[in-house]
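Here is the structure we will look at.
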Amino acid sequence: MPPSPLRLIVPASTSNLGAGFDALGVALGRKMEVRWTPSTRTRVRRSGDLAESTLPTGRDPVLRGMKRAALVAGKILPPGILEVSADFQPGKGLGASGAGMVAGLLLGNRLLEGGMNTPALLEEAIGLEGHPENATASLLGGAHWSIPLEEGGWKHLPVSLHRDLRFLLVLPPYSLETSRSRRALPAKVPFKVAVAQARRVPALLEGLKTLAPDLLAEGLADRLHMPARLRLLAGAQPIIATANKAGALGATLSGAGSGILVLARTGGLRRLEAALQGKVRRLWGKEGRVVLTGPCAQGATFL
């Protein structure tokens with residue numbers, strides 16, 4: 001008998017948040033939905049905010065995750081139709097690649113009865129993605145700080161978030177490939193810059209827990225990746241300045257960009273959103289977007 005159809009949802013994610021560079025990932029209330037149905041040959045269909053993606057089928061992150069699961073299991077994937085939909089855009093720093101790879105690994109593992117548990121699935125997702133924060137957030141949900149261990153592998157520590165924390169995502173009308181964003185990073189930084197970054201970590205963690213503006217201001221400050229990436233993103237600095245002036249708790253890049261993550265409390269959202277909408281219209285007309293979301297406790301889930 002052919003395998004039964006499968007369906008799952010995976011949350012988007014944001015990462016870095018200043019001093020959390022390449023370590024902190026937060027699952028968001030925006031979703032990727034993946035359906036697999038048996039067929040005579042494998043095809044990928046994209047819809048929602050993924051409809052205009054020109055990514056070749058061979059590079060599709062969901063399919064890459066499924067193929068990795070098959071390799072680990074030592075089995076051959078059955079052919080099927082993959083229907084992938086999302087209410088968030090790729091190339092905007094929202095972890096589309098990580099979410100897709102997590103979905104593919106889960107699908108492949110379930111289809112082939114591969115037996116990978118959650119830690120093993122996460123290890124494979126990080127290996128495919130190349131860094132831990134987006135895959136960890138999408139698989140586990142919530143917020144986690146990922147630490148590389150001396151003996152190899154990772155330790156993922158849960159991070160407490162204040163229950164009133166919300167995010168406004170400012171999405172420009174252009175994307176930024178993670179590979180290009182990473183190539184822009186400096187190969188070396190001064191010792192004092194590295195020390196200052198390390199000192200800001202407790203401020204970021206306590207700020208996310210308490211929403212204290214002074215702590216968040218210090219924790220979101222960054223000189224490792226933000227200056228180089230902001231030079232690639234037209235309009236990003238004016239958006240950040242507008243957010244801070246309109247009462248945001250802070251603003252930074254979402255992941256590698258091009259999206260901008262604005263942190264806010266539940267009570268001050270309307271005025272802040274209006275200010276950002278106005279700035280977006282002046283910068284990009286109807287092409288830009290401002291999206292309200294928040295942290296998501298639920299990780300990847302079969303339906």
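The values are calculated or read from the model by the stated rules, or taken from the named source; none is laboratory data. Because the structure is predicted, anything quoted here is derived from the model rather than measured. Note that we place each Cβ from the backbone using ideal geometry, even for glycine, and neighbour counts take in every protein chain shown.
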Looking only at residues that are part of a helix (DSSP H, G or I) and of a type in the set (Val, Ile, Thr) in the range 170-215, which one is nearest to Ala96 (Cα to Cα)? Thr178
Examine the range 175-185 for a residue that is surrounded by fewer than 19 Cβ atoms within 10 Å (Cβ to Cβ) and under 21 Å from Ala243 (Cα atoms), and state whether such a residue exists. yes
Filtered residues of the range 1-50 (kept if polar (S, T, N, Q) and surrounded by 24 or more Cβ atoms within 10 Å (Cβ to Cβ)): Ser13, Thr14, Ser15, Asn16
Considering the range 122-153 alone, what residues qualify as being of a type in the set (D, E, K, R) and either in the same structural domain as Leu208 (by TED's automatic domain parsing) or not in a loop (DSSP other than H, G, I, E, B) (or both)? Glu123, Glu124, Glu129, Glu133
Counting just the residues of the range 9-27 that are within 8 Å of the chain's Cα centre (by Cα) and hydrophobic (A, V, I, L, M, F, W, C), which one comes out farthest from Leu249 (Cα to Cα)? Ala12
Taking the options Val34, Val44, name whichever one is in a strand (DSSP E or B), in the same structural domain as Leu128 (by TED's automatic domain parsing) and over 13 Å from Ala96 (Cα atoms). Val44
For the range 81-120, give me each residue that is in contact with a strand residue (DSSP E or B) (Cβ under 8 Å, 6 or more places away or on another chain) and on the phi > 0 side of the Ramachandran plot. Gly93, Gly95
For the range 115-135, name all the residues that are closer than 13 Å to Ile147 by Cα, of a type outside the set (A, V, I, L, M, F, W, C) and touching a helix residue (DSSP H, G or I) at 6+ places or on another chain (Cβ under 7 Å). Pro132
Inspect the range 76-86 for any residue being under 19 Å from Ala23 (Cα atoms), of a type in the set (Asp, Glu), in contact (Cβ under 8 Å) with a residue 12 or more places away in the chain and not in a loop (DSSP other than H, G, I, E, B) and give the result as yes or no. no
